[in-house]
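Have a look at the structure below before the remarks.
The values are calculated or read from the model by the stated rules, or taken from the named source; none is laboratory data. Computed from a predicted model, the values in this text were never measured in an experiment. Because the Cβ atoms are built from the backbone with ideal geometry, glycine has one as well, and the counts that use them run over all protein chains shown. All accessible areas refer to the heavy atoms of the entire protein, side chains included, with ligands and DNA or RNA removed. Shrake-Rupley method; radii C 1.70, N 1.55, O 1.52, S 1.80 Å.
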Amino acid sequence: MPRRNLISIEDLTRGDVELLLDTAESFLPVLERDIKKVPTLRGRTIINVFWEASPRTSASFDLAAKRLSADTLVFRGSALGDPHGEALKDVAITLDAYSPDIVILRHPSAGACRVLAANTRASVINAGDGGHQDPTQCLLDLFALRQSLGRDLDGRRVFIIGDILHSRVARSGIMGFKMLGMDVTLVAPPTLLPRGIEEMGVDVRHDLSELGDADVVYLLRVESDLTEPGAAYLPSLREYARVWGISSARLRPGQRLMHPGPLNRGVEISADAADGENLIASQVFSGLAVRMAILYRTVIGYSDGTATREAL
Amino acid sequence: MPRRNLISIEDLTRGDVELLLDTAESFLPVLERDIKKVPTLRGRTIINVFWEASPRTSASFDLAAKRLSADTLVFRGSALGDPHGEALKDVAITLDAYSPDIVILRHPSAGACRVLAANTRASVINAGDGGHQDPTQCLLDLFALRQSLGRDLDGRRVFIIGDILHSRVARSGIMGFKMLGMDVTLVAPPTLLPRGIEEMGVDVRHDLSELGDADVVYLLRVESDLTEPGAAYLPSLREYARVWGISSARLRPGQRLMHPGPLNRGVEISADAADGENLIASQVFSGLAVRMAILYRTVIGYSDGTATREAL
Amino acid sequence: MPRRNLISIEDLTRGDVELLLDTAESFLPVLERDIKKVPTLRGRTIINVFWEASPRTSASFDLAAKRLSADTLVFRGSALGDPHGEALKDVAITLDAYSPDIVILRHPSAGACRVLAANTRASVINAGDGGHQDPTQCLLDLFALRQSLGRDLDGRRVFIIGDILHSRVARSGIMGFKMLGMDVTLVAPPTLLPRGIEEMGVDVRHDLSELGDADVVYLLRVESDLTEPGAAYLPSLREYARVWGISSARLRPGQRLMHPGPLNRGVEISADAADGENLIASQVFSGLAVRMAILYRTVIGYSDGTATREAL
């Protein structure tokens, strides 16, 4: 079977995405057992390479691998040297010496995953590469949505609100939501929208006046460096909170509120919305089952839906 | 079975403590085997969350979990952000997404374990929370004592010497020693004794004149910041060593010398006492079996003493 | 069976070395399987103690242990305190409390492994101690050479080029190459050669004029601190590259080029030599099988060559 990477949502067909979500669903009962573990990937080696610190994502992948009985290695930040200083090609040689089945890479540069994939025999999974893609986050968002709205997301409307410009989460999310037939509206001040983004087949709004049309309200984290002098993206976090911040009062009943975390309470999300009914804990919870499904499918293959049930 | 935490020695009855120590004893032969491992907690997930660095304690819990065949995750210090900056409640959501059976927490704030326990479905084990409690240290001390003095500690006299004021080890130790029927005497300069400590049912002395009465001499580590200008706890470490430091010459034959480590040789303990006959290595050695027992009992339950032998 | 350490190549006989290399070879097919794992060391505990950061070497040992089904613990740098501040004897007590079968030690001081070995019940494996020895590197180099030149290295000529003076790799390598019957020539400016090195039974050259005689060209990494003002070892890296740097043009066909990594491209090795035909990737790749063999033999014993095959 040819090697399979997951670097961008574009690496998947709609059928692949649905198979991944079904596989993740089949793992949910495993997570409720006393023995939260299947032997499927016993003896496989899965390496986490996190050039940017992201201990929660790294832990989630690491635990997903252990739940599948794989052996894991984790390299963090400085352990592999300057991400720009050494040829990724040389790092690939080092990693290949461990004969991994999968390398999971988080890297500050868009495109790093493709370079690594071209130089290793392992499958490469993108855990976030610069402003490019974060396909795992997208898949767990879709999973949490399906758990809440049901399997058919066709025609559902999602509003993505915030810093679209710098967000790999937005970039992956737009592709994934659209792949499952959803309507995507981006809402942000013009400074935080990439030019020509409409070409991705989305609507664009510069205010929240139509928020009531959304079935799903997806907030992006606002980083404080957007307000630094010279950045000129935002006048202040307080101003952002006033104009764009989502409180419970701004939502109508039944709207699903999502956020990839970590939350900036009082900025893009009010404390009452964070503590009220929303899908945020469900998104976090979905991470493990979805990552198990990704690792499983990457090794076992995407084409045959029956294998999952057999392996369990 | 209802979830069981171990946050304070007060969470245990005398029967629980004795069961834990018996369980730990039953694990000793396992540690002597070639295959130092039992399958009891296979597929369980145990997460170490150490907001304060304590690599040895963390490693001891991690290895205890592995010896029971559990899967482990370790989060250290900055990995989860400022301990005071983010609501422990949000961290609990993150941890719960890994569906752990047990979360082991070390945290700079007294009471953090209770907050975590109120917000997670996992059992919480306290690996030290501020100046509050360190129940694991207490249990391994009791275990080392039983190995040396025999199972019946009733009426034995222990002198705890040093910085009682800032010591969670002292606080847990007093409770544990008394629970097994020991007489506890605290010996320290008045600046290092909490007011009203006598209410815990202990004797208090301000000099070492009655040291000969002790069966067990338990030294606390003296931190150098006690002598910082403005701290006013101690004039100098040299003065402390002269007045309070324990050398072999100060001990009578048969007295058991204990210290929770790491040692300040030449301050609270002389080099000859550190290298002479004492229970210090035995305390360190006890850590693994006792932590295995705690993890085991937390998952399997405290009430039925026969289970241990079956599982082995 | 008495405990067996691997602290210096001198701890091995020629027969031991050949057995280790044969054992490593027997592990190669395991690394090609889907389940890259043997149960041989199940329930054994192997502790990595790395006082100097060396994440790749540490990961290689850790993964080798996992491939043999052992449980592993890793202590890094500051986790065990100042290497010179606490008695290694006290650290040995801590480590012994985990009842490890093997402790793998990297330490900045030559001789630290011997001190540790005298104070622990575990076997000690040297992963590099100051300027003293790096026996694992030597063995993987020999393994890579055997894979390339065949089992009989008798009479082959190796030129070791570069900073012999500060190199534990050179020190182990000289012993190992000679043990298998190779002729060793050291090539370096006089400032980078230890006095009296000829007593190890090697030839010494101060220029590359006879490079054509070499079957194997072994380059050492040149650290930039050699050119610091006051160091007086080298005028400049550029000058070093001009005089001593190896490019493809300087090699004749069939010569095996080796380097322990990480490479200083453009200094001791040119980019075209680094990217051309050489044994460098093979050296890296050999690390895992050789470390598996070392761990395996340390536990199971060196004397009986048949055991390997049975265990697999």
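Points to keep in mind about this one:
- Lone qualifier among B:ALA281, B:ALA274 - being within 14 Å of chain C (Cβ to nearest Cβ), open to solvent by 30 Å² or more (accessible area, probe 1.4 Å), modelled with pLDDT under 95 and under 21 Å from the mean Cα position of the chain (by Cα): B:ALA281
- One residue stands out in region B:69-79 among those that are touching a Pro at 6+ places or on another chain (Cβ under 8 Å) and in contact (Cβ under 8 Å) with a residue 12 or more places away in the chain: the one that is surrounded by the fewest Cβ atoms within 10 Å (Cβ to Cβ), namely B:SER69.
- Taken as a whole, the structure leaves C:ASP90 outside the set of residues that are away from chain B (no Cβ under 13 Å) and either free of Cβ contacts under 8 Å to residues at least 60 places away in the same chain or not basic (Lys, Arg) (or both).
- Breaking point among (1) closer than 29 Å to C:GLY276 by Cα; (2) at pLDDT 95 or above, for C:ASN126: (1)
- Residue, nearest to the other protein chains (Cβ to nearest Cβ), within region C:28-42, restricted to residues that are part of a loop (DSSP other than H, G, I, E, B) and surrounded by fewer than 18 Cβ atoms within 10 Å (Cβ to Cβ): C:ILE35
- Condition check for B:ARG252: touching a helix residue (DSSP H, G or I) at 6+ places or on another chain (Cβ under 8 Å), at pLDDT 90 or above and not in a loop (DSSP other than H, G, I, E, B): no
- A Cβ distance below 7 Å, combined with a sequence gap of six or more or placement on separate chains, defines the contacts here; from region C:43-62, residues that are closer than 18 Å to B:ASP62 by Cα and more than 9 Å from every other protein chain (Cβ to nearest Cβ) reach residues that are in a loop (DSSP other than H, G, I, E, B) and open to solvent by less than 20 Å² (accessible area, probe 1.4 Å) in the pairs C:ILE46/C:ALA70; C:ILE46/C:PRO100.
- Test: C:ARG221 is surrounded by 14 or more Cβ atoms within 10 Å (Cβ to Cβ) and under 12 Å from C:GLY162 (Cα atoms): yes
- When C:PHE27 is tested against (1) at pLDDT 95 or above; (2) over 19 Å from C:ALA144 (Cα atoms), only condition (2) is not met.
- Yes/no for A:SER78 being modelled with pLDDT under 95, assigned to a loop (DSSP other than H, G, I, E, B) and not charged (D, E, K, R): no
- Residue in region B:15-29 that is more than 18 Å from the chain's Cα centre (by Cα) and aromatic (Phe, Trp, Tyr) present: yes
- Test: residue in region C:136-156 that is of a type outside the set (D, E, K, R) and part of a strand (DSSP E or B): no
- Residue in region A:202-210 that is within 21 Å of the chain's Cα centre (by Cα), open to solvent by 70 Å² or more (accessible area, probe 1.4 Å) and closer than 28 Å to A:LEU139 by Cβ present: no
- For region A:98-111, the tally of residues that are of a type outside the set (Ser, Thr, Tyr) and either modelled with pLDDT under 90 or touching a Pro at 6+ places or on another chain (Cβ under 7 Å) (or both) stands at 4.
- Test for B:SER58: is it in a helix (DSSP H, G or I), hydroxyl-bearing (Ser, Thr, Tyr), open to solvent by 10 Å² or more (accessible area, probe 1.4 Å) and modelled with pLDDT of 90 or more: no
- Pairs where the first residue, in region C:195-216, is in contact (Cβ under 8 Å) with a residue 12 or more places away in the chain and assigned by TED's automatic domain parsing to the domain that holds C:LEU279 and the second is open to solvent by 80 Å² or more (accessible area, probe 1.4 Å) and outside any helix (DSSP H, G or I), C-beta under 8 Å, 6+ apart: C:GLY212/C:ARG252
- Whether a residue is in contact with a Phe, Trp or Tyr (Cβ under 8 Å, 6 or more places away or on another chain) and more than 14 Å from chain C (Cβ to nearest Cβ) was assessed, and B:VAL222 passes this test.
- Every residue from region A:149-181 that is surrounded by 20 or more Cβ atoms within 10 Å (Cβ to Cβ) and small (Gly, Ala, Ser): A:GLY162, A:SER167, A:ALA170, A:SER172, A:GLY173, A:GLY176
- Within region C:283-303, the residues that satisfy the criterion of being out of contact with any Phe, Trp or Tyr (no Cβ under 7 Å at 6 or more places or on another chain), over 16 Å from C:ARG56 (Cβ atoms) and either part of a helix (DSSP H, G or I) or without any contact (Cβ under 8 Å) to a residue 40 or more places away in the chain (or both) are C:ILE294, C:LEU295, C:TYR296, C:ARG297, C:THR298, C:VAL299, C:ILE300, C:SER303.
- Residue within region C:102-116 that is surrounded by fewer than 23 Cβ atoms within 10 Å (Cβ to Cβ), within 12 Å of chain B (Cβ to nearest Cβ) and hydroxyl-bearing (Ser, Thr, Tyr) present: no
- Candidates B:GLU199, B:GLU223, B:GLU239, filtered to the one that is over 27 Å from B:ASP272 (Cα atoms) and out of contact with any Ser or Thr (no Cβ under 6 Å at 6 or more places or on another chain): B:GLU199
- Within region C:221-236, tally of residues that are touching a residue at least 40 places away in the same chain (Cβ under 8 Å) and touching an Asp or Glu at 6+ places or on another chain (Cβ under 9 Å): 6
- When C:ILE174, C:ILE164, C:ILE160 are screened for being closer than 25 Å to C:HIS107 by Cβ, part of a loop (DSSP other than H, G, I, E, B) and in contact with a strand residue (DSSP E or B) (Cβ under 7 Å, 6 or more places away or on another chain), only C:ILE164 passes.
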